[in-house]
Structures are given as structure tokens and as C-alpha cells.
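Data block below; observations after.
The values are calculated or read from the model by the stated rules, or taken from the named source; none is laboratory data. What you are looking at is a predicted structure, and each value in this text was computed from that prediction instead of being measured. No Cβ is skipped: glycine too gets one built from the backbone with ideal geometry, and neighbour counts run over all protein chains shown.
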Amino acid sequence: MRILQIATLFSPDGAYGGPTRVAVNQCRALRARGHDVIIAGGADGYATPPVQIDGVPARLSRARRVLPGAGFAGLAAPGILRLLAQVRAEIDVVHVHLARDLVTLPALRLAQLMGLPTVAQTHGMIDLSGNPLAGPLDRALTGPALRAAGAVLHLTDAERRDLAAAIPGDLAFTELPNGVPEPEGRVAATAPPEVLFLARLQERKRPELFVDVARELLRDGVDAVFTVAGPDGGRRSAVVSAAGCAVRVEDAVDPDRVSERIGHASVYVLPSVDEPYPMAVLEAMAVGRPVVITESCGLATVVRRSGCGIVVDESKEGLRAGIEAMLRDPAAAAEMGVRGAAVARARFGMPAIAEQLETVYRLVLSVKNDASEVRG
């Protein structure tokens, strides 16, 4: 098949996070199965936008901030719309990693108006919103685009419920988990043990709470290194101020090196609240590192049932207890890491994800072809 995947933003520091990594992983896996795949989206931070990303042909358009103060939602990339016009006759299906923004929403809607079969994947980014702009945007673009999509991919039952509440109507829901590639090689953890927070430094991910707990543990004599790394999501200055000299703060990690960086740590910690399906947690599992996450994380059930980490409540005391347990019993933590790697291979391996995507694409194409025959 000839597939075009579109995501909001690509940048050297991986600022957009999980959805972009998911798109790249899917494209690589689909290419490995013989499909002709192009990845497209907005670009920021490059001197010249790359023509390949991890071996996948890329068509990137410089992102423009058309709504100041709106974060990623205020981005647009008009070049993507021109790309669709150029390649419409060469594409079998368009797969859009959709958010309420002015990159992916116009692209999905234009592809549909051109008559191209479309798949939307929302990554937990579309739910009921109190933003006054969400209602008009949903009526004009989000709702029509999702209702017209041949498939709407969701991560969990909770995301499906959130989508149904936000966008009334008949949506073609299909569940698809995020996948994670098999690590190319194992790296050794450092000594003394390192406890790593690696994610965008934004409020929901609570990096300051991690720093607060780390400083407490260090004051109490814990022999460990605590590190915060990730692109700035508005909280970097506060994190640097809170960290002082006790907690290391690193720059954003190149998306290609995230798994390697996590592999050098002993424990991966993500204290986020209501995190839908964090890719970094899957990457930590894949490289055999135990994880500490909260109960509201979309992977909490997987982690708890498989025993590949510790699930804590959202309190400071809960986070501290989870980290302490990992450091107190390194052998048990290592066993959790082994279980995590096994679960990542068995349940979240990219070959299985690519096979599921093929099934979705074929179904969407067959429905589109049947509809065309009826009209004919």
C-alpha cells in the first residue's frame, strides 16, 4: 500500500513527544513489511527540514505559530495542504495523528474532501475541553473530520469514552495500542543507581514533584543520582530553580536516543496525572528498566498486572515510597525490568502493531471502494 502519515510537529529535541514517535515507529514497521510510506508534518528547529526521519521518507513543512499563546494548538503548516494536492493520486490511505491544531485538522479534512480514505489516531488528545475555542473548532473541523474518518484509532476504553463524549455521532472506533521497537542493543545502567525523569517539562507531568522527592531522599542519605531530562513545556525554569545542585537537569534528548538514555538509568519515573499512554514508559520497559507511574496513567493496569514496575497514588508520599522501594531492593527492581522487556516484546512489538494497521487500512479501503461502486 501507499501510505501517507501526518503528525503535528517534528523537531530535533522531540518537543511534541509521543505522537511523533508513534508515527515514526509505525512508518518504519510498515516499510519493513514492504509498504510505500511517507511521513509528513510541521517542522521547527531545523536549519533545513530533513528528507528522512529514521529511514522514513519525510515531507516536512515549516510550522508557523498563527495563534500566539496557544501552544501546539496554535501551529499551522500550510505546506502539508499543498503536499496533499501534489500526492493525492499516488496515495492509497492517509493516516493522521490528530489533535486540535491547525496542522492535522485541516490536513485530515482536506484529504477527506479530496476523496482519499482516511484514518484518524487521537492519542488521548481530544476530549471534553473547557477552552472557549474548542466548541467552535469541534463544530467546524474536529467533529466532521472524525465522523468522516474510515477508522478512529483509540488507545484505551477511557479514551474511547472521552472521544464519544467530546464528539457526538457515529465514529468508527478501533483500538490500537502504541508499539515500541525492539532495542538494537542493551546498555548498562550506571553506578550509583540513577533515577530518571525523562519527559516534556510541563505541568501535567509534574517534574517539580519528582525534584522535590529526589531532594528529600538525598537529604535522607539515599545513595542515588536523580536526573530530569526533556524539552521545555513551560516548567524548565522552575525545575532548574528547584533542582539546585542536588538534582541533575539535562537538555532534551534526541528522539533517536531516548531508549539509549533510559537504558543508562536504573529506574524510570513518570509522576504524570492522567497520562493516556506514555511512549517513554513503553521504551523503558523495552530496554528492561523498571518504572514508577501513577494510578491515572493509561499503562497502570499493564504495569501492575505484569509486575514490571510500581504503580503509586498521585501524592508526594506515594511517589517517594515507590522510588524508595526500587532503590531498597535492586534485585527485585531488576526482575521487574526483565518482566517489562518481555511484556514489551509480546504485547507492544512493532510487527504486531504494523499487522493490525494493515488490517485497518484494508478495511478502510474496502469500505471506500464499496461506497464508490454504489455511487457509480
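Output the residues belonging to segment 249-263 that are among the acidic types (Asp, Glu) and assigned to a loop (DSSP other than H, G, I, E, B).
If the condition is that a residue be among the acidic types (Asp, Glu) and assigned to a loop (DSSP other than H, G, I, E, B), then ASP251, ASP254 are the ones that fit.
If VAL360 satisfies all but one of (1) surrounded by 14 or more Cβ atoms within 10 Å (Cβ to Cβ); (2) over 23 Å from ARG33 (Cα atoms), what's the number of the condition it fails?
Result: VAL360 passes all but (2).
Please work out if GLU208 is surrounded by fewer than 19 Cβ atoms within 10 Å (Cβ to Cβ), in a helix (DSSP H, G or I) and acidic (Asp, Glu).
Judged against the criteria, GLU208 is a match.
Consider segment 224-248. How many of its residues are touching a Leu at 6+ places or on another chain (Cβ under 8 Å), of a type outside the set (Lys, Arg) and either over 20 Å from ILE262 (Cβ atoms) or part of a helix (DSSP H, G or I) (or both)?
Qualifying residue count, segment 224-248: 3.
Out of ASP256, ASP313, report the one residue that is under 19 Å from the mean Cα position of the chain (by Cα), surrounded by fewer than 21 Cβ atoms within 10 Å (Cβ to Cβ) and either under 29 Å from GLY179 (Cβ atoms) or not aliphatic (A, V, I, L, M) (or both).
ASP256
Would a scan of segment 167-181 turn up a residue that is within 21 Å of the chain's Cα centre (by Cα) and part of a helix (DSSP H, G or I)?
For segment 167-181, residues within 21 Å of the chain's Cα centre (by Cα) and part of a helix (DSSP H, G or I): absent.
Of all residues in segment 117-130 being aliphatic (A, V, I, L, M) and in a strand (DSSP E or B), which is surrounded by the most Cβ atoms within 10 Å (Cβ to Cβ)?
If we take residues in segment 117-130 being aliphatic (A, V, I, L, M) and in a strand (DSSP E or B), then ALA120 is surrounded by the most Cβ atoms within 10 Å (Cβ to Cβ).
Of VAL51, VAL56, VAL93, which residue is closer than 25 Å to ARG147 by Cβ and either free of Cβ contacts under 8 Å to residues at least 60 places away in the same chain or not small (Gly, Ala, Ser) (or both)?
None of the other options fit; the residue is VAL93.
So, restricting to helices (runs of 4 or more DSSP H) that lie completely within segment 1-116, which ones have at least 3 residues that are surrounded by fewer than 22 Cβ atoms within 10 Å (Cβ to Cβ) and more than 20 Å from the chain's Cα centre (by Cα)?
Filter on segment 1-116 gives 78-87, 104-113.
Name the one entry in ARG362, ARG345, ARG320, ARG339 that is in a helix (DSSP H, G or I), closer than 30 Å to MET1 by Cα and modelled with pLDDT of 95 or more.
Selected residue: ARG362, the only one of ARG362, ARG345, ARG320, ARG339 that is in a helix (DSSP H, G or I), closer than 30 Å to MET1 by Cα and modelled with pLDDT of 95 or more.
For segment 147-170, enumerate the residues that are under 20 Å from GLN356 (Cβ atoms) and either at pLDDT 95 or above or crowded, with 19+ Cβ neighbours inside 10 Å (or both).
Passing the criteria: ALA149, GLY150, ALA151, VAL152, LEU153, HIS154, LEU155, GLU159, LEU163.
Looking at ALA265, is it within 14 Å of ALA229 (Cα to Cα) and either among the polar types (S, T, N, Q) or buried (at least 23 other Cβ atoms within 10 Å of the Cβ) (or both)?
yes
Go through GLN112, GLN121 for me and flag whichever is under 29 Å from PRO231 (Cα atoms) and either of a type outside the set (Phe, Trp, Tyr) or touching a strand residue (DSSP E or B) at 6+ places or on another chain (Cβ under 9 Å) (or both).
After applying the criteria, what remains is GLN121.
Specify which of the listed residues (ILE293, ILE323) is among the β-branched types (Val, Ile, Thr), buried (at least 23 other Cβ atoms within 10 Å of the Cβ) and either outside the structural domain of GLY230 (by the TED database) or within 22 Å of VAL22 (Cα to Cα) (or both).
Of the residues listed, the single one that is among the β-branched types (Val, Ile, Thr), buried (at least 23 other Cβ atoms within 10 Å of the Cβ) and either outside the structural domain of GLY230 (by the TED database) or within 22 Å of VAL22 (Cα to Cα) (or both) is ILE293.
Please verify whether ALA280 is over 20 Å from ASN25 (Cβ atoms) and in a helix (DSSP H, G or I), treating the condition exactly as stated.
Considered against the rule, which asks whether it is over 20 Å from ASN25 (Cβ atoms) and in a helix (DSSP H, G or I), ALA280 comes out as no.
Looking only at residues in segment 129-142 that are within 22 Å of the chain's Cα centre (by Cα) and of a type in the set (Gly, Ala, Ser), which one is nearest to LEU108 (Cα to Cα)?
ALA134
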